[in-house]
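A.B. asks: First the structure, then my questions, so here it is.
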Amino acid sequence: MEITRYIFAFLIFPGFLFTVIVGLFSTWVDRKVTARVQWRVGPPLMQPLYDFVKLLGKETLIPAGGSRAVFLSAPIVGLVAVILVSTILWLANLWGTAFVGDLIVVVYLLVIPSLAIMIGGLASGNPLATTGASREMKLILAYELPFLICMATVILKSGMSIKLVEIAKTPIIGSISGVLVALIALLCIQAKLGFVPFDVAEAETEIMSGPYIEYSGVPLAVFKLTQATMLFTLPIFLITAFLGGLNFSGWGILWTVLKYLAILVLIVVIKNTNPRVRIDQAVKFFWYYLAPVAAAAFVLAVFGQIYAISWL
Amino acid sequence: MQKSVISIGPYHPLQEEPELFMLTVEGETVVDIEVSIGYNHRGIEKLSERCNFDQSTFVIERICGICSTSHPFAYTRAVEDIIPVEVPERARYIRTIIAEGERIHSHLLWYGLAGHFLGYNTVYMWMWKLREEILDVMEILSGNRNNYAMFKPGGVRRDINSDDIPLALKKIDAIIPTLDRLKKAILDDPVLHARLKGIGILTKEEAVDYCALGPTSRASGVARDVRKDAPYGAYDRVDWDMIVTESCDVWGKAVVRLLEMYESIKIVKTCLQNLPGGEIDLNIKSIPPGEGIGAHEAPRGETFHYVRSDGTNRPARHKVRASTFMNLPTLKATVPGSSISDATIILAAIDPCYCCTERMAVRSREGKKLYGGQELIRLSQEKTKKIKREMGIK
Amino acid sequence: MNLTLKALLKSPWVFHLSTGSCNNCDIEILDCLTPRFDIERFGMRLVGSIRHADVLLVTGSGNRKSMLRVKKIYEEQVPKPCVVVGIGECAMSRGMFIHSYNCPRPLDSDIPVDVYIPGCPPKPEAIIAGVVKLINKIKGIE
Ligand code: SF4
């Protein structure tokens, strides 16, 4: 019976189906908010679904110079990773089902979608896709460093726990170092999502969507779905790690939804009020500015722990 | 490091027109650039020689959709130079109004596209929203959104209705506050500064050497503007300033364009307020044999037309030199050494327009030119006949 | 009508190809995206890669050099099903350039065109109306 429960959890709720539905909704929120910022009306609610179904029905072209198996499997790997993350996060938040070290697993799994994009791009053999893939790689190297420091701070502040359930119970944001790491993590997530200002890897007007350039039909649909689910999962991850987790009793539901929407809208607004940076600027930004700040926050947190000052 | 070639184009979201840039890159750094055009060549000069002087204006207007006033302006000036005649005062003012309106919308368009190239779609949307207002003004004044069809040799085709002027003025005044807001948003954006400053440097000497024109040269400190150097239209009758910056980079070009819009608004407003009465057209009946040249400062730089008449009602030779033709080679100086991301915005910074620039040359494999003008004409006529025969068209 | 086609009509992603136009038509296409017209309301988007396109918007008078590319793009690179919209007088009949030595053949002698939108340039309103006609045509409504 255990096994069916897990399969149910992975495929229906809170896994695949649930994540996909809310993910598509988040995409709609993204596009709608973008449109409102730009003085437009924006697409109808069902638009992301239409896009997805349409892509499923399109022909899938495979580039002649590419490696077929890798080219086709890369999107699926990415999607499965995100769904897993989503499942783990929700199980931890809802029923407290967790295992020791699930935070570490989640952090690892979150790199996989980016890797999948990279591998897919490289497998297509297109020079622009290769450029995009190499940019993606540099970007991963850039943002992972501050991101990991943030995670270390989180672990420290939640009393050396690497279990999501316990981390979710401590609202890290209630202190100086907490605020700092939350903001830095937000920017890292912007990069993970591939949103402006860090959309260097798929810069449409520079390298024509980069790694996605050769994708069409079903694999493209899967990639779009991955992006949609990321847009749902990453804010949830932020909430779990920094904002005291999800709460589903009474008014807590409203509060949770509000938290989620606020983060989503914040991400979208950042996306729409900045131009794209260059890849070298992005790397510099993450390494020379964010990483030291994150490290400083970490040191603050250490002091806070040692001298038991809660606001540090 | 290994060199590879990245091609931008011919169909690329960077620009609306088809053209091909071959960037030779080492990693992310561009070491060489080659521009290949010809995807847009329509043989306008030849077509113009088929039409009579009046019809030609319409063909010339279709050289480029953004400069749909600049080319007719230069062309009509060239034709008037053959006779030679001076157009009536009112026509001068009307021409100036239309030309400056076009400059505003062209610069707004550039801003929008530049924002789009930088991934800053909000700027794109806002700028184009503002551009719609300008197009409205143009529609009020000329009846058309884009191809205004206002010009003819000897004057203008249509008069501006004096009842429309207050509405147009009101609309223009309404644009200024929005433009101010956008100006502030652009000039104060730190990320934009980081992206645009210090890239694509075209020094003053290089700008002179490459004969750069328009905002491209004015951003490098070369104060060159046909409207000031050899005034025509109503440009010497109104008060305006030439915008010159010394920063030489992409940022400088952006600033020049931004401030020029204000000057243009000033010119349009003054002209509309002081519109003199009188005739609008000289009703030229025939053009004597002779040659004429005409120049106009288009939004991208000086546009130059040469027309030769042999006494018939058609131009015997019509030669067009658009501003991008001179600005394009400056890319050789600005692009190598920059990264791919910068290269795209540097390419866009000269506001290239390939429709205006298209030439054709036939070359052998070794790169030697094989044909002169006469042979080319003969060859093309033969080929057209052959194709028509193949398709069964009489 | 099957589901795919229905979804296609709800989310036509357009890619735009210019074959020697005066670029006014191309600008009016871009104009359709901007706040006053906002075709994203109908799910339309301008995409960066040909592989993602459902609708090809072709403008221009069929320049020799670019027609070769357009043909190749249509035949090899666009995932089917895909529809072609000819925008502007140029794409319909080559307009003013019909006598040009470099525009020997009309567009539809090389690729099949589903809808023509006349105008030089067509206003953005006309382009939107044309696309709506296209949708109705595919739906089988006259
Ligand atoms: S139809 Fe008219 S506006 Fe459109 S590309 Fe042709 S000439 Fe230009």
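The values are calculated or read from the model by the stated rules, or taken from the named source; none is laboratory data. As the structure is a computational prediction, the values presented were derived from the model and not from experiment. FYI the Cβ positions are ideal-geometry reconstructions off the backbone, even for glycines, and counts take in every protein chain you see. Keep in mind that these areas ignore ligands, DNA and RNA; they rest on the heavy atoms of the full protein, side chains included. Shrake-Rupley method; radii C 1.70, N 1.55, O 1.52, S 1.80 Å.
A.B. asks: Quick one: how many residues across the stretch C:81-100 are open to solvent by 50 Å² or more (accessible area, probe 1.4 Å) and more than 16 Å from the ligand (Cβ to nearest atom)?
C.D. replies: Matching residues across the stretch C:81-100 total 1.
A.B. asks: Only one of (1) touching a Lys or Arg at 6+ places or on another chain (Cβ under 8 Å); (2) facing chain C (nearest Cβ under 10 Å) is not met by B:Leu47, so which one is it?
C.D. replies: (1)
A.B. asks: Tally up the residues in the stretch C:123-137 that are within 15 Å of the ligand (Cβ to nearest atom), open to solvent by less than 20 Å² (accessible area, probe 1.4 Å) and more than 10 Å from chain B (Cβ to nearest Cβ), please.
C.D. replies: Within the stretch C:123-137, residues that are within 15 Å of the ligand (Cβ to nearest atom), open to solvent by less than 20 Å² (accessible area, probe 1.4 Å) and more than 10 Å from chain B (Cβ to nearest Cβ) number 2.
A.B. asks: Output yes when any residue across the stretch B:129-140 is over 30 Å from B:Arg62 (Cβ atoms) and more than 18 Å from the chain's Cα centre (by Cα), and no when none is.
C.D. replies: No: the stretch B:129-140 contains no residue that is over 30 Å from B:Arg62 (Cβ atoms) and more than 18 Å from the chain's Cα centre (by Cα).
A.B. asks: Still on this structure, please answer the following. Go through the stretch A:297-312 and give me each residue that's loosely packed, with under 15 Cβ neighbours inside 10 Å and outside any loop (DSSP other than H, G, I, E, B). Steps first, please.
C.D. replies: Pass one, the stretch A:297-312, residues loosely packed, with under 15 Cβ neighbours inside 10 Å: A:299, A:303, A:306-311.
The answer is A:Val299, A:Phe303, A:Ile306, A:Tyr307.
A.B. asks: Please report, ordered by residue number, the helices (runs of 4 or more DSSP H) entirely within the stretch B:285-394 with at least 3 residues that are within 13 Å of another protein chain (Cβ to nearest Cβ), modelled with pLDDT of 75 or more and more than 27 Å from the chain's Cα centre (by Cα). Working first, answer last.
C.D. replies: Details: elements: B:323-327, B:331-334, B:340-349, B:354-357, B:373-391.
Once the helices (runs of 4 or more DSSP H) in the stretch B:285-394 are filtered for at least 3 residues that are within 13 Å of another protein chain (Cβ to nearest Cβ), modelled with pLDDT of 75 or more and more than 27 Å from the chain's Cα centre (by Cα), what remains is B:373-391.
A.B. asks: Which of the residues belonging to the stretch C:62-80 are open to solvent by 70 Å² or more (accessible area, probe 1.4 Å) and within 19 Å of B:Glu19 (Cα to Cα)?
C.D. replies: C:Arg64, C:Leu68, C:Arg69, C:Lys71, C:Lys72
A.B. asks: A:Leu103 - would you say it is among the aliphatic types (A, V, I, L, M), open to solvent by 10 Å² or more (accessible area, probe 1.4 Å) and assigned to a helix (DSSP H, G or I)?
C.D. replies: Working: among the aliphatic types (A, V, I, L, M): yes; open to solvent by 10 Å² or more (accessible area, probe 1.4 Å): no; assigned to a helix (DSSP H, G or I): yes.
No; evaluated as a whole, the condition is false for this residue.
A.B. asks: Could I ask something else about it? How many of the residues in the stretch B:273-296 are open to solvent by less than 10 Å² (accessible area, probe 1.4 Å) and in contact with a Gly (Cβ under 7 Å, 6 or more places away or on another chain)?
C.D. replies: 0
A.B. asks: Can you tell me how many residues within the stretch B:48-103 are in contact with a Cys (Cβ under 6 Å, 6 or more places away or on another chain) and either among the acidic types (Asp, Glu) or more than 16 Å from the ligand (Cβ to nearest atom) (or both)?
C.D. replies: Final tally of qualifying residues: 3.
A.B. asks: Against the definition (more than 13 Å from the ligand (Cβ to nearest atom) and either crowded, with 21+ Cβ neighbours inside 10 Å or modelled with pLDDT under 80 (or both)), how does C:Pro104 come out, yes or no?
C.D. replies: Yes, satisfied.
Let's see how each residue does on (1) closer than 18 Å to C:Cys90 by Cβ; (2) crowded, with 18+ Cβ neighbours inside 10 Å:
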{"site": "B:Thr29", "(1), (2)": "no, no"}
{"site": "B:Gly43", "(1), (2)": "yes, yes"}
{"site": "B:Arg50", "(1), (2)": "yes, no"}
{"site": "B:Gln55", "(1), (2)": "yes, no"}
{"site": "B:Val59", "(1), (2)": "yes, yes"}
{"site": "B:Ile63", "(1), (2)": "yes, yes"}
{"site": "B:Ser68", "(1), (2)": "yes, yes"}
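A.B. asks: Then there's this: I'd like to check which helices (runs of 4 or more DSSP H) are fully inside the stretch A:1-74 and have at least 3 residues that are within 26 Å of A:Glu214 (Cβ to Cβ).
C.D. replies: Per the criteria, A:16-37, A:47-57.
A.B. asks: Having 1 or more residues that are within 14 Å of chain C (Cβ to nearest Cβ) is the bar; report the helices (runs of 4 or more DSSP H) wholly within the stretch A:136-238 that clear it.
C.D. replies: On the way: elements: A:164-169, A:176-193, A:204-207.
Of the helices (runs of 4 or more DSSP H) lying wholly inside the stretch A:136-238, those with at least 1 residues that are within 14 Å of chain C (Cβ to nearest Cβ) span A:204-207.
A.B. asks: A further question on this structure: Does B:Ile134 meet the test of being touching a Leu at 6+ places or on another chain (Cβ under 8 Å), hydrophobic (A, V, I, L, M, F, W, C) and at pLDDT 85 or above?
C.D. replies: Spelling it out, B:Ile134 is indeed touching a Leu at 6+ places or on another chain (Cβ under 8 Å), hydrophobic (A, V, I, L, M, F, W, C) and at pLDDT 85 or above.
A.B. asks: If you don't mind, another one. How do the helices (runs of 4 or more DSSP H) wholly within the stretch C:5-116 filter down when requiring 2 or more residues that are at the interface with another protein chain (Cβ under 7 Å from one of its Cβ atoms): which remain?
C.D. replies: Per the criteria, C:24-33, C:64-72.
A.B. asks: Regarding A:Gly245, is this residue more than 14 Å from chain B (Cβ to nearest Cβ) and either open to solvent by 30 Å² or more (accessible area, probe 1.4 Å) or modelled with pLDDT of 85 or more (or both)? Show your work before the answer.
C.D. replies: Details: more than 14 Å from chain B (Cβ to nearest Cβ): yes; either open to solvent by 30 Å² or more (accessible area, probe 1.4 Å) or modelled with pLDDT of 85 or more (or both): no.
Judged against the criteria, A:Gly245 is not a match.
A.B. asks: Another one. Only residues that are within 13 Å of the ligand (Cβ to nearest atom) and crowded, with 17+ Cβ neighbours inside 10 Å: list them for the stretch C:107-118, please.
C.D. replies: C:Leu107, C:Tyr116, C:Ile117
A.B. asks: Within the stretch B:54-73, identify whether any single residue is assigned to a helix (DSSP H, G or I) and touching an Asp or Glu at 6+ places or on another chain (Cβ under 6 Å), and answer yes or no.
C.D. replies: Checked against the condition, which is being assigned to a helix (DSSP H, G or I) and touching an Asp or Glu at 6+ places or on another chain (Cβ under 6 Å), the stretch B:54-73 yields at least one hit.
A.B. asks: Still on this structure, I have one more. Could you please find all residues in the stretch B:105-134 being among the hydroxyl-bearing types (Ser, Thr, Tyr), more than 11 Å from chain A (Cβ to nearest Cβ) and open to solvent by less than 10 Å² (accessible area, probe 1.4 Å)? Talk me through it step by step, then tell me what you get.
C.D. replies: Restricting attention to the stretch B:105-134, the residues satisfying the condition of being among the hydroxyl-bearing types (Ser, Thr, Tyr) are B:106, B:111, B:120, B:122, B:124.
Narrowing the set further to residues that are more than 11 Å from chain A (Cβ to nearest Cβ) leaves B:106, B:111.
Hit for the stretch B:105-134 is B:Ser106, nothing else.
A.B. asks: Just to verify a result, which residue in the stretch B:74-103, among those that are in a helix (DSSP H, G or I) and open to solvent by 10 Å² or more (accessible area, probe 1.4 Å), is farthest from the other protein chains (Cβ to nearest Cβ)?
C.D. replies: So the first thing to find is which residues in the stretch B:74-103 are in a helix (DSSP H, G or I), and the list is B:74-82, B:89-103.
Still in the running and open to solvent by 10 Å² or more (accessible area, probe 1.4 Å): B:77, B:80-82, B:89-90, B:92-93.
Working: B:Arg77: 21, B:Glu80: 23, B:Asp81: 25, B:Ile82: 23, B:Glu89: 30, B:Arg90: 28, B:Arg92: 26, B:Tyr93: 25 Å.
Per the stated criteria, the residue is B:Glu89.
A.B. asks: While we're looking at this one, here's another question. Among the residues of the stretch C:4-22, is any within 16 Å of the ligand (Cβ to nearest atom), within 23 Å of A:Gln38 (Cα to Cα) and open to solvent by 10 Å² or more (accessible area, probe 1.4 Å)?
C.D. replies: yes
A.B. asks: Still on this structure, I have one more. Say we look at the stretch A:23-49 and pick out the residues that are open to solvent by 60 Å² or more (accessible area, probe 1.4 Å) and farther than 22 Å from A:Leu258 by Cα; which of these is farthest from the other protein chains (Cβ to nearest Cβ)?
C.D. replies: Among residues in the stretch A:23-49 that are open to solvent by 60 Å² or more (accessible area, probe 1.4 Å) and farther than 22 Å from A:Leu258 by Cα, the one farthest from the other protein chains (Cβ to nearest Cβ) is A:Leu49.
A.B. asks: Any idea which of (1) touching a strand residue (DSSP E or B) at 6+ places or on another chain (Cβ under 7 Å); (2) more than 16 Å from the ligand (Cβ to nearest atom) is the one C:Val58 doesn't satisfy?
C.D. replies: Evaluating C:Val58 over (1) touching a strand residue (DSSP E or B) at 6+ places or on another chain (Cβ under 7 Å); (2) more than 16 Å from the ligand (Cβ to nearest atom) leaves (2) as the failure.
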